[in-house]
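The values are calculated or read from the model by the stated rules, or taken from the named source; none is laboratory data. Computed from a predicted structure; not experimentally measured. Every residue, glycine as well, gets a Cβ built from its backbone with ideal geometry; the counts of neighbours run over all protein chains shown. All accessible areas refer to the heavy atoms of the entire protein, side chains included, with ligands and DNA or RNA removed. Shrake-Rupley method; radii C 1.70, N 1.55, O 1.52, S 1.80 Å.
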Amino acid sequence: MSTPASAAPGAPGASGTPGRSTSGTGASSAVEQRLAELGLTLPEVAAPVAAYVPAVISGNHVYTSGQLPFINGKLEATGKVSSGAEGASDEATVSPDAAQRYAAVCAVNALAAVKSVIGDLDRITRIVKVVGFVSSDPSFTGQPGVINGASDLLGKVLGDAGQHARSAVGVAVLPLDSPVEVELIAEFA
């Protein structure tokens, strides 16, 4: 996913929010059209950072690996999510609002992984489950609000099929010191 270098944080296409991809020639499905209406396109599937594949099919379900908030192949932020009132760590921190935007980036990246194995996102009949991990300051308890970034994005682009069961888990650290990671299970026809 690419974002304009001069965009302000929080603005559509800004660093930390899902942005436009330089690949492809436009939306090829109704789901991608809804993404386009939000100013988003699917990125290339992120290359695995270890020994796994981005998504696998089992029966009529796609299971994605955990997706990090990569934009144009770059992890946009690192550190623990903290509201700033808790913790005395000198580690890098990410605000809950920024982490929520990064969770949406993760969801877009997960949709790209789904498309890579089923070919057309319109085949999705339901997002069954979303699991979100939040690298949290030990006192931070707002993980559900952070992962709402992914859930809200899925609802906007998939409608009723985007409503899902979910877990939002606080963890000590994530790969590459990412603030969030999202995986999903999608049913398809």
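Table for the structure above
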quantity	calculated
Among the candidates 49, 62, 114, residue that is outside any loop (DSSP other than H, G, I, E, B), more than 18 Å from residue 167 (Cα to Cα) and in contact with a helix residue (DSSP H, G or I) (Cβ under 9 Å, 6 or more places away or on another chain)	114
Residue within the range 76-99 that is within 26 Å of residue 56 (Cβ to Cβ) and either open to solvent by 20 Å² or more (accessible area, probe 1.4 Å) or part of a helix (DSSP H, G or I) (or both) present	no
Residues satisfying the stated conditions in the range 165-189, i.e. of a type in the set (Asp, Glu) and either in contact with a helix residue (DSSP H, G or I) (Cβ under 7 Å, 6 or more places away or on another chain) or buried (at least 18 other Cβ atoms within 10 Å of the Cβ) (or both)	181, 183
Selected residue [open to solvent by 10 Å² or more (accessible area, probe 1.4 Å), at pLDDT 95 or above, of a type in the set (S, T, N, Q) and in a loop (DSSP other than H, G, I, E, B)] from 141, 125	141
Test: residue in the range 145-164 that is in contact with a His (Cβ under 8 Å, 6 or more places away or on another chain), among the small types (Gly, Ala, Ser) and open to solvent by 10 Å² or more (accessible area, probe 1.4 Å)	yes
